[in-house]
1. Please find, within the range B:31-47, the residue that is farthest from the other protein chains (Cβ to nearest Cβ) out of those that are among the charged types (D, E, K, R) and near DNA strand D (Cβ under 8 Å from one of its atoms).
2. Under 8 Å by Cβ, and 6 or more places apart or on different chains, what pairs join a residue from the range B:49-75 that is under 16 Å from residue B:14 (Cα atoms) with one that is of a type in the set (Lys, Arg)?
3. Can you list the helices (runs of 4 or more DSSP H) found entirely within the range B:90-202 that contain at least 3 residues being within 13 Å of another protein chain (Cβ to nearest Cβ) and under 17 Å from residue A:169 (Cβ atoms)?
4. (1) within 27 Å of residue A:82 (Cα to Cα); (2) open to solvent by 50 Å² or more (accessible area, probe 1.4 Å): which one isn't true of residue A:178, the others all being true?
5. Can you spot a residue in the range B:20-27 that is at pLDDT 95 or above, away from DNA strand D (no atom under 16 Å from the Cβ) and closer than 30 Å to residue B:198 by Cβ?
6. Scan the range B:96-118 and tell me whether some residue there is within 24 Å of residue B:198 (Cα to Cα) and exposed (fewer than 15 other Cβ atoms within 10 Å of the Cβ).
2 protein chains.
Amino acid sequence: MLNTMYIKNKDEATEELIKNTAKRLFFGEGKFNATTQEIADAAGVNRTLINYYFRSRDKLFEIVFSDAQDKEQQRTESIIFSELPFKAKIEEFIDDSFVMAKEYPYMEIYLVTQFNQGCYFKDEEGMERMLKKFYEELNIEMSKGTIEKMEPIQFIINMVSLISFPISMRPLFQRTMRLTDAEYEKILDDRKEIIMNTLFGK
Amino acid sequence: MLNTMYIKNKDEATEELIKNTAKRLFFGEGKFNATTQEIADAAGVNRTLINYYFRSRDKLFEIVFSDAQDKEQQRTESIIFSELPFKAKIEEFIDDSFVMAKEYPYMEIYLVTQFNQGCYFKDEEGMERMLKKFYEELNIEMSKGTIEKMEPIQFIINMVSLISFPISMRPLFQRTMRLTDAEYEKILDDRKEIIMNTLFGK
DNA sequence: ATAGTGTTTAACATTTTTGTTAAACAAAAT
DNA sequence: ATTTTGTTTAACAAAAATGTTAAACACTAT
């Protein structure tokens, strides 16, 4: 028999539907301890289908986690190895991060909680290659004076912090500072320019 | 009968011991779904003592969460309302954050996960007062030219991001970039200067 | 010493969450 | 039509986590 996929009315095969729903709950809504029942409900399917497709809750989690890592890595990779000039690369990365963040704001936090529970990191070599390349570029820019001289790693930390923190910590910021959704959206929209100015000086 | 506290050999009353252990697990080790059994084991006490002292798991969580909020707020407050000049305040805040982070690196992440599960924010007025004061100072510094002109909130976000992200995302950074513990410690030690330069220009 | 108080423990009960099985179901191929 | 294959469901079983009770314990004050 051909392994033709049964296509659901909602144009999504059940397996995908479950996976995407789990992603949405974890990365989109930050519900890191969603039960199988909650995931099934959110997906509108019977709970035991999770076992049917993924054997166990743990397997589903593993897969979702693995996907997340891949996506993060690909995203970064495609930008770093692009032919854009340095500053444009950074802009691209910021834009791209914000797009991603709109859908999955809690991705990074989830990765951290998973690492804390003893997960391992996947594509080590790929990451190594990327970092090496980016370090080189950073060194060039520093000697050109585009950016302040510092350890390349420090620049990277600055950049990622400025981009990701206000996204993943949104509930904390927004509630602490009593901001409406609209106000916070506005703040995020303004950040690209702020970040560029902060990283490169004005 | 006097409510004299029974003092444990480890110079800590059991109730405190449990609370501190929970804090250590949550904020120190990032084990956000520690079971009552795990907490009890880590504290070296019988599991049912958690029920005895805190009624339920939820109550314990509530208390720990509330304590965390208080501590964060007090910390910030004492610095903001100090008589230090602006730049010194920031330095103080950085130092203070790093000290705190040594013990409880995952505090912020925990706060976020709790907010996501429908917790509320406590001392709203206190926070309001603090922000107002800090906004004023920021505006002064901007007109003096000490820092770039921008929305005060953006400066705050920059500052907190640069400080907190590399701490709470340590597992992510460290593993992604394949750094040893020693290497990462070194990086954190260097950050104070980096952050000051990034916020104020060199 | 012992009565009184608060603390700790172990045994039990309950609830919540997860996993398994067999039967019902739907679509396609023979 | 009925066999085959894969999907979905409901009923059940098992495991994990939480909560309750009563009895044992330890310290203090009388």
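1. Going residue by residue through the range B:31-47, those that are among the charged types (D, E, K, R) are B:31, B:38, B:41, B:47.
Now narrow it down to the ones that are near DNA strand D (Cβ under 8 Å from one of its atoms): B:38, B:47.
Numbers: B:38: 12, B:47: 20 Å.
Among those that are among the charged types (D, E, K, R) and near DNA strand D (Cβ under 8 Å from one of its atoms), it is B:47.
2. Sorted first by the residue in the range B:49-75, then by its partner, the pairs are B:50/B:57; B:60/B:19; B:63/B:19; B:64/B:19; B:64/B:23.
3. B:107-116, B:152-168, B:170-176
4. Condition (1) is where residue A:178 drops out.
5. Pass one, the range B:20-27, residues at pLDDT 95 or above: B:20-27.
Now drop any that are not away from DNA strand D (no atom under 16 Å from the Cβ), which leaves B:20, B:23-24, B:27.
With the extra rule that they be closer than 30 Å to residue B:198 by Cβ, the set shrinks to B:27.
Yes; the residues of the range B:20-27 include at least one that is at pLDDT 95 or above, away from DNA strand D (no atom under 16 Å from the Cβ) and closer than 30 Å to residue B:198 by Cβ.
6. Within the range B:96-118, one or more residues are within 24 Å of residue B:198 (Cα to Cα) and exposed (fewer than 15 other Cβ atoms within 10 Å of the Cβ).
The values are calculated or read from the model by the stated rules, or taken from the named source; none is laboratory data. Predicted, not measured: the structure shown is a model, and the values here were computed from it. Note that we place each Cβ from the backbone using ideal geometry, even for glycine, and neighbour counts take in every protein chain shown. Just the protein is used for accessible areas: all its heavy atoms, side chains included, with ligands, DNA and RNA removed. Shrake-Rupley method; radii C 1.70, N 1.55, O 1.52, S 1.80 Å.
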